[in-house]
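> A single structure is presented below for examination.
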Protein chains: 2
Amino acid sequence: MQKPPTIRDVAAAADVSIAVVSRVLNDGTGPVAPATRERVLKTIEELAYRPRTAARELKSGPTSSLGLVLADVTNPFFARLADSVVQEARARGSQVILMTTQEDPALEQDALETLAARRVGGVIATPTSTNADAWLRLEALGTRLVFVDRHLLGVPHADVVSIDNERSAREATEHLLGLGHRRIGFISGPLSTSTGRSRTDAHVAALTAHGIPVDRQLLRNIPFRGDQGSDAVGSLLELESPPTALIVANTAQVAAAVRRLRQGSVRIPQDLSLIVFDDNPWTELFTPALTIIRQPTALLAAHSVERALLRLSDDAETRSTVIDAEFVVRSSTAQPPAR
Amino acid sequence: MQKPPTIRDVAAAADVSIAVVSRVLNDGTGPVAPATRERVLKTIEELAYRPRTAARELKSGPTSSLGLVLADVTNPFFARLADSVVQEARARGSQVILMTTQEDPALEQDALETLAARRVGGVIATPTSTNADAWLRLEALGTRLVFVDRHLLGVPHADVVSIDNERSAREATEHLLGLGHRRIGFISGPLSTSTGRSRTDAHVAALTAHGIPVDRQLLRNIPFRGDQGSDAVGSLLELESPPTALIVANTAQVAAAVRRLRQGSVRIPQDLSLIVFDDNPWTELFTPALTIIRQPTALLAAHSVERALLRLSDDAETRSTVIDAEFVVRSSTAQPPAR
DNA sequence: TTGTACGCGTTATCAG
DNA sequence: CTGATAACGCGTACAA
């Protein structure tokens with residue numbers, strides 16, 4: 001209950017100067033007689049002394065802690081990412097301050113402000129919108145910036161770590177084309193986001209490459225938050241000529257989309273083939289087991305943390321790291337229904 | 001790129017003393033002439049000055065930041081909890097430092113050490129084991145302790161926020177008894193955890209109250225991590241007289257258990273009725289839709305944060321908050337198969 | 001309003 | 001070499 005001991009308390013109790021205690025704490029700073037070191041260590045133990053991080057940070061400027069700014073921890077993909085980032089950071093001796101954005105620019109702005117005030121060493125983020133000034137301010141503070149999963153244009157010095165979205169979208173599309181599908185629904189994130197854009201573009205490109213005309217009606221770029229996944233599916237099903245296959249490339253909307261299909265009593269894959277971008281044990285337990293794009297969260301996290309923890313001197317080069325996602329074919333894709 | 005401005009830079013630029021700047025920053029500390037305040041504000045803006053949290057904390061002792069120590073962010077239940085805690089904390093102007101434990105006492109120990117060094121104002125945790133000394137040290141530092149979901153004996157001053165585990169386990173059990181089940185498998189967490197204990201006890205008590213003999217073979221208390229959920233289900237199915245119903249009260253093992261049932265091609269609910277403790281959109285999408293216990297994560301989070309943010313003076317009373325979970329009957333429970 | 005001591009750990013400088 | 005002293009970093013709050 002009483003006020004915690006300070007370094008001076010320890011020094012007094014061990015009958016040495018604070019400098020000695022400090023040296024014992026971060027050994028290497030200077031020589032300390034073994035006997036003295038012993039005594040100090042014992043005293044520290046007895047008093048249960050713990051140096052205050054705040055005081056240390058005050059002196060040493062930018063810390064080794066990381067800010068992790070995620071759009072939605074509730075999304076299993078981000079949850080796994082968070083888990084991996086925390087582990088990875090811990091392994092390197094850093095802590096993670098987690099902030100949620102809810103895809104809301106204001107909240108994001110806010111989060112960045114806080115992180116800036118904390119002078120964290122690096123920030124790993126799934127950026128929501130072009131909060132350009134906030135990002136640049138952070139950068140000006142010497143904070144390392146790493147965008148993971150998505151990225152933003154106009155923030156020149158940020159690293160990017162993501163899966164190969166183009167390739168994954170192409171793979172999914174070509175898989176369906178190979179099965180004979182010609183009308184493929186495609187639900188993705190907003191075109192204002194890098195993932196929404198690249199996945200959609202790659203899908204369109206794949207169709208074009210195979211000589212399939214692109215029907216814009218089949219492309220749905222919807223927000224990550226909210227329940228538009230349901231509506232998107234609903235309206236796709238109601239088209240005069242509905243799709244025979246569906247790719248849900250909006251991770252956050254997978255569950256909503258699947259639910260809607262269930263309600264519409266669409267048979268999968270007899271009536272409709274389904275591929276989802278998700279990383280979630282339940283996709284395998286669903287009937288039928290879903291064909292998925294599995295994002296390697298551990299790898300994404302490892303690279304993100306590594307880049308975020310680089311001291312500026314080490315490697316000033318901005319780098320973009322692209323990791324392959326895994327295309328897992330299960331039972332939700334089949335040939336389109338016969339006419 | 002150059003060093004960030006300090007309060008003194010601002011003072012110099014605005015041609016006032018640092019005291020004035022400080023007052024403008026946290027208005028209320030003292031009067032400032034409107035004109036001066038304007039000028040200072042403008043200067044702050046121009047220099048993009050942001051007070052360093054470290055310096056503030058140094059002066060003001062325990063912070064308003066919260067530590068959130070979770071066993072497993074990958075578990076959807078904890079992920080939702082994290083999300084809610086972060087939101088709730090933000091609404092109250094605090095940040096959350098997230099740490100993962102992986103159910104490993106060493107990691108937990110470590111996390112607590114870090115939090116202690118940071119002098120966070122409060123810690124919300126799902127405790128793993130009796131790291132008694134670590135918890136007590138934190139307490140001695142004046143940190144508010146809130147255990148959520150699970151709790152620990154032997155940490156007297158910690159608040160507890162959890163669902164009514166006894167009631168939920170009883171409800172699930174009685175639901176099955178009401179359908180005519182007499183042999184019910186029960187998979188729960190280790191008896192060394194509060195949730196494992198209370199759920200199992202309540203289940204047993206419910207059986208006893210209804211005059212059903214308790215077969216210890218049907219009770220499986222398994223760890224949260226690892227894949228023992230699968231084995232537990234497997235061995236239950238192989239009993240001479242296998243259960244006609246199963247309750248999975250170990251949130252972390254739900255997916256593994258369900259997967260094993262799938263592999264065993266057990267028909268649900270014809271062969272086996274199933275109730276799981278989970279809070280996850282996919283339980284509804286599973287075939288058949290699963291009967292579940294839904295934990296009100298938002299409420300748990302709200303109460304936890306509230307308690308964790310209480311200043312010691314406000315309410316020194318240790319309190320235990322119990323929230324009702326929701327029992328949602330869907331299609332995975334039915335009468336037992338006829339003999 | 002302003003000057004300044006304070007909080008606490010780090011580190012450079014200095015004396016033994 | 002070992003240990004001590006003092007200045008520093010930055011915002012806060014009280015006295016002048």
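> With axes computed from alpha carbons, what is the tilt in degrees of helix A:165-179 against the longest principal axis of chain A, rounded to the nearest 10 within 0 to 90?
30 degrees
> To continue, here is another question. Based only on other Cβ atoms within 10 Å, what is the fewest-to-most ordering of B:His303, A:His175? Walk me through the numbers before you get to the answer.
Numbers: B:His303 23, A:His175 18.
Least to most surrounded, the residues fall as A:His175, B:His303.
> OK, next. If you put a point 7 Å past Cα along the Cβ direction, how far is that point for A:Asp110 from the same point in each other copy, in nm, smallest first?
Sorted ascending, the copy-to-copy spacings read 3.2 nm.
> Just to be sure I understand: with springs between alpha-carbon atoms less than 10 Å apart, which residue in B:Ala134, B:Ala55, B:Ala33 has the highest mean-square fluctuation in the Gaussian network model of chain B?
Greatest mean-square fluctuation among the candidates belongs to B:Ala33.
> If neighbour count is taken as other Cβ atoms inside 10 Å, put B:His210, A:His181, B:His203 in order from fewest to most.
Details: B:His210 12, A:His181 22, B:His203 26.
Listing B:His210, A:His181, B:His203 from fewest to most nearby Cβ atoms yields B:His210, A:His181, B:His203.
> Using +1 at the Cβ of each Lys and Arg and -1 at the Cβ of each Asp and Glu in chain B, identify which of B:Asn280, B:Val258, B:Val96 lies farthest towards the dipole's positive end.
The residue sitting farthest along the positive end of the dipole is B:Val96.
> Also: Connecting C-alpha atoms closer than 10 Å in a GNM of chain A, tell me which of A:Gly234, A:Gly154, A:Gly211 has the biggest fluctuation.
Among A:Gly234, A:Gly154, A:Gly211, the largest mean-square fluctuation in the Gaussian network model of chain A belongs to A:Gly211.
> Related question: Aspartates and glutamates near A:Lys3 by alpha-carbon distance under 13 Å, same-chain residues fewer than 8 away left out - which ones?
B:Glu139
> Oh, and also: Between the helical axis of B:34-47 and the dominant principal axis of chain B, each derived from Cα atoms, what acute angle in degrees is found, rounded to the nearest 10?
70 degrees
> Which listed residue (A:Ile18, A:Leu290, A:Ala106) has the Cα farthest towards the positive end of the charge dipole for chain A, taking +1 on Lys and Arg C-beta and -1 on Asp and Glu C-beta about the Cα centre?
My answer, from the dipole projection, is A:Ile18.
> Measure out, as a whole number of angstrom, how far apart the alpha-carbon centroids of region B:31-51 and region B:167-200 sit.
62 Å
> Under the rule of -39500 (n - 2.57) per DSSP H run of 4 or more residues, summed and divided by the residues of the protein assembly as shown, what mean residue ellipticity at 222 nm is obtained, to the nearest 500 deg cm²/dmol? Please list the in-between numbers first.
On the way: 26 runs with 290 residues, N = 678.
Mean residue ellipticity at 222 nm (helix-derived): -13000 deg cm²/dmol.
> In debye, nearest 20, what is the charge dipole magnitude of region A:165-295 about its Cα centre with +1 on Lys and Arg Cβ and -1 on Asp and Glu Cβ, if you could check?
So the magnitude is around 60 debye.
> Still on this model: Given Cα pairs under 8 Å that are at least 6 residues apart, what percent is the relative contact order of region B:180-233? Intermediate results must be reported in sequence, preceding the final value.
Working: 48 pairs, mean separation 23.7, N = 54.
Relative contact order of region B:180-233: 44 percent.
> With only Lys, Arg, Asp and Glu charged, each at its Cβ (+1 for the first two, -1 for the last two), find how big the charge dipole of the protein assembly as shown is about the Cα centre; round to the nearest 20 debye.
Working: 74 positive and 78 negative charges, 98 e Å.
I would put it at about 460 debye.
> Shifting gears a bit: Using a label point 7 Å beyond Cα on the Cα-Cβ vector, give me the inter-copy distances for B:Lys3 in nanometres, one decimal, shortest first.
Ordered by distance, the counterparts are at 2.8 nm.
> Sticking with this structure for a sec: Treating the beta-carbon of each Lys and Arg as +1 and of each Asp and Glu as -1, no other charges, what is the dipole magnitude of region A:1-43 about its Cα centre, to the nearest 20 debye? Write out the running numbers ahead of the final one.
Numbers: 6 positive and 4 negative charges, 13 e Å.
Here the size comes out at about 60 debye.
> Among A:Gly121, A:His181, A:Thr208, pick out the residue whose Cα is farthest towards the positive end of the charge dipole of region A:110-221, where Lys and Arg carry +1 and Asp and Glu carry -1 on C-beta, about the Cα centre.
Result: A:His181, furthest along the dipole toward the positive end.
> On to the next question. When a/c reaches 1.5 or more, the comparison of a/b and b/c decides; with that in mind, is chain A rounded, prolate or oblate per its Cα gyration tensor? Before the final figure, lay out the partial values.
Working: a/c = 3.07, a/b = 2.63, b/c = 1.17.
Note, shape of chain A comes out prolate.
> Compute the helix-to-body angle for B:254-263: its Cα long axis versus the longest principal axis of chain B, expressed 0 to 90° and rounded to tens.
40 degrees
> Shifting gears a bit: Please say if the protein assembly as shown is rounded, prolate or oblate, where rounded means a/c under 1.5 for a ≥ b ≥ c the square roots of the C-alpha gyration tensor eigenvalues, and otherwise the choice is prolate for a/b larger than b/c and oblate otherwise?
Values: a/c = 2.19, a/b = 1.28, b/c = 1.71.
Oblate.
> Also, quick follow-up: Sort region B:209-312 into rounded, prolate or oblate with this rule: let a ≥ b ≥ c be the square roots of the eigenvalues of the Cα gyration tensor; rounded if a/c is under 1.5, and if a/c is not under 1.5, prolate when a/b is larger than b/c, oblate otherwise.
Details: a/c = 2.18, a/b = 1.78, b/c = 1.22.
Since a/c reaches 1.5 and a/b is larger than b/c, the shape of region B:209-312 is classed as prolate.
> Hey, another quick one. Of the listed peptides A:184-190, B:48-54, A:22-28, what is their order by residue-averaged count of other C-beta atoms within 10 Å, with the highest listed first?
On the way: A:184-190: 24.9, B:48-54: 18.0, A:22-28: 14.3.
The packing order, highest mean first, is A:184-190, B:48-54, A:22-28.
> Compute the label-point distances linking B:Gln217 to its equivalents in the other copies; points lie 7 Å from Cα along Cα→Cβ; give nm, one decimal, shortest first.
Its label point is 6.1 nm from the equivalent points in the other copies.
> Relative contact order for chain B: what percent, with Cα pairs under 8 Å and sequence separation of 6 or more? Intermediate results must be reported in sequence, preceding the final value.
Working: 615 pairs, mean separation 57.4, N = 339.
Value for chain B: 17 percent.
> Neighbouring Cβ atoms within 10 Å as the yardstick, rank A:Thr29, A:Thr43 fewest first.
Values: A:Thr29 11, A:Thr43 21.
Ascending Cβ contact count within 10 Å gives the list A:Thr29, A:Thr43.
> Taking Cα pairs under 8 Å and at least six residues apart, what relative contact order does region A:165-295 come out at, in percent? Working shown, then result.
Values: 208 pairs, mean separation 32.3, N = 131.
In percent, rounded to a whole number, it is 25.
All of the numbers you see were taken from the coordinates with simple rules; none came from a lab. These numbers were taken from a predicted model, which means no experiment stands behind them. Note that each Cβ is placed from the backbone with ideal geometry, even for glycine, and that neighbours are counted across all protein chains shown.
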